[in-house]
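In what follows, a single structure is set out as structure tokens and then discussed.
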Amino acid sequence: MNLVQNCRDLLVYSHEVMCGVLIIPVLFGCCVCGFDVMNVQLENCTIVGRKLYTIFENKPYAVFWDIPYGQPPIGILRFKSPKATQGCVKGTSDHTTLNIKTCPRQLDEDCLHLSIHMPISHEQTLNSVLVWLHEDSKQHGPDFLIDEDIIVVTISYRTSIFGFLNTEDEFAQGNMGAKDILLALKWIRDKISYFNGDSSKVTVVGSEKSAVLVASLLLSPAAEDLFSRVIIHGGSALSPADYRNYNFDVVNKLYWKLNGPFEKLNRTRLYELLANASVDTLISASQDLFDSTEVRDSQRLINTFGPTVEKTKPSFMSKPPTTVYKRKLNNNNVAVMMGYTTLDSLYKLHGFEKNRKLLKNLNYNFQYVLPFEGSKDEFLSKRYKKIRRSIMDFYFVNGTIGEGSLRRYAKYVSDQVIYPVFRQARLQAEVSPDIVYLYRFSFKGAFNVVWDITVPGLEWRGATAGDEICYLFKCKSVNGAYNSTGVSNERHFIKKIARLLANFAKFGNPTPHKQDDLLENLEWSPLENHKVTRVLSLARKLKMVNFPELERMNFWDRLQTDFFADRLPKDDL
């Protein structure tokens, strides 16, 4: 298809029907209408976008909002694998009418859309593509990466009960949200060239909950050849909170909530309720299905509606991630960047931060959780107490938790995230012929919004989960502060991070050039087997350091070897 001819054909259509003004062709299939409207001819459709400018460099780019990539998963398609759109698909150019909340929180299941942010340039080149997965992606702008000539695509996909209910039969096979992402990536592979994107250079980025899904893409046969690189922050496919076999418990608890307690499970009745209930009813019913006692008895955190191993085909994940790593890795020709914030789970401890005396109670009621899969122990059994004592002795001075132990406790709960990240990075580096980069985010500045909201009274160094986002993408909540006085250090840091990510998306190497005025002489070394673990410290100064958390990671390795290596994981994955 001749995209230049498409643009010429579109000139006539747009001039007569849409603009009534002179239209200037830009690149291949794109046209600018006046100063703020832009069009792309996509097969038999005209996709209308809006022209905007980046916050730092005032660089022009076009944004095409809410382009459907799948049929609305409503009615008979609720809880089913997504189906591709048929015929002409159109987005919207009016961001004022956008529903800015991500599905299904906006109480609208018609959420299988993607938005494309495209740098405007007269150069005849294809740009690398970065796909941003986050439940609140519409709250974040692509400005920093647009300045680096990267196309940014955001994807909305089904979450919670709508995306990850698994009834272990044809009603809800599980991982529907992950399959939404696969369908969107196929759309990008097939159509991103219309937006001047290079389908051979697609990088998928995920933070927090979406990080688990991006990490799982590395292990899914269904994801092969859909991307060339991934960036994973604060999540891992090896998190024991996911891929756990408690689907029957979820189904039974949902039946109680929807049909009344003490009723014997009737799947036919349950499926009627699930198919016909309103969105807000299902969201309400899916909340707090597992209580703290069940977490205590499991010794692992529980993600009620997360990715699961499927029993039906076609599947996103048919084997546990640990099994995939032990056997054959699927997407092994993919460059990987993984990272974490230094105090990832600190945001959960605002209650302890406000009242430090509560920490003392943990001495008598310390209910541990483990950052790896395996069998569970009876609460307060001899073996349980032995494991608990090992954890307390390692993390706390004299094995005692006091009012001054908040930072140590924060490290302990944060390691429930950091250890699975490190473990997957290490395994990926061992089995993959491609490179794996590891970073540590500890920058503390004006845009650590999660820290400022949850634990504003702490003047510690470091960052908690979500603090990295406003340095990677422009956050609408603090939009006015980016160009304010007093944040020059933050702006410089943001530009460095954008350059690293852009280089990785373009070349598979975040520091490909020895001479870079912005990054100076920084060289990011990948993980190497049987050598000292080196990570890039993303702090006030960017530099390579020996992995600061290594002693803590070694502790969990030893604990797993000492207590779980010789036991069959009865409730494992």
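Just so it is clear, none of the values below were taken in a lab; they were calculated from the coordinates. Not measured: the values here are computed from a predicted model. Cβ coordinates were reconstructed from backbone atoms using ideal geometry, including for glycine residues, and neighbour counts include every protein chain displayed.
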Qualifying GluC sites (Glu not before Pro) for the stretch 437-506 [loop in DSSP, other Cβ within 10 Å: at most 15]: Glu459
Normalised contact order of the stretch 383-516, rounded percent, pairs of Cα under 8 Å and 6 or more residues apart: 12 percent
Dipole of the stretch 332-564 [Lys/Arg +1, Asp/Glu -1 at C-beta], most positive-end residue of Val545, His530, Ser375: Ser375
Fewest-first sequence of Asp393, Asp434, Asp242 by Cβ atoms within 10 Å of each Cβ: Asp393, Asp434, Asp242
Neighbour-count ranking [beta-carbon atoms within 10 angstrom, fewest first] of Arg244, Arg491: Arg491, Arg244
Contact order relative to length of the stretch 351-424, as percent, for alpha carbon pairs under 8 angstrom and 6 or more apart: 42 percent
Per-pair calculated FRET efficiency, R0 = 56 Å: Asn252 and Glu123 via Cβ, rounded to 0.05: 0.45
The chain: relative contact order as a whole-number percent, Cα under 8 Å and 6+ apart: 13 percent
Förster-model FRET efficiency, 51 Å R0, Asn330 and Asn363, C-beta, rounded to 0.05: 0.65
MRE, 222 nm, helices only [DSSP H, n ≥ 4, -39500 (n - 2.57), over the chain, to nearest 500]: -9500 deg cm²/dmol
Fewest-first sequence of Met317, Met38 by Cβ atoms within 10 Å of each Cβ: Met317, Met38
Protection proxy ranking, peptides 440-446, 62-68, average beta carbon neighbours within 10 Å, highest first: 62-68, 440-446
Order by protection proxy (mean Cβ within 10 Å, highest first), peptides 215-225, 45-55, 325-335: 215-225, 45-55, 325-335
Charged-residue dipole, Cβ positions (Lys, Arg, Asp, Glu), the stretch 175-278 about Cα centre, Debye nearest 20: 200 debye
Separation of alpha-carbon centers, the stretch 241-283 and the stretch 162-203, rounded to whole Å: 26 Å
Cβ-defined net charge surrounding Lys514, 13 Å radius [Lys, Arg +1; Asp, Glu -1]: -4
Of Lys360/Lys385; Lys138/Lys191; Lys138/Lys376; Lys191/Lys474, pairs whose Cα-Cα distance is over 28 Å: Lys138/Lys376
Net +/- balance of residues flanking Pro73 in space, Cβ distance below 14 Å, scoring K and R +1, D and E -1: +1
Bins of 10 Å, starting at 0 and running to the largest distance - Cα pair percent for the chain: 3, 17, 27, 27, 18, 7, 2, 0, 0
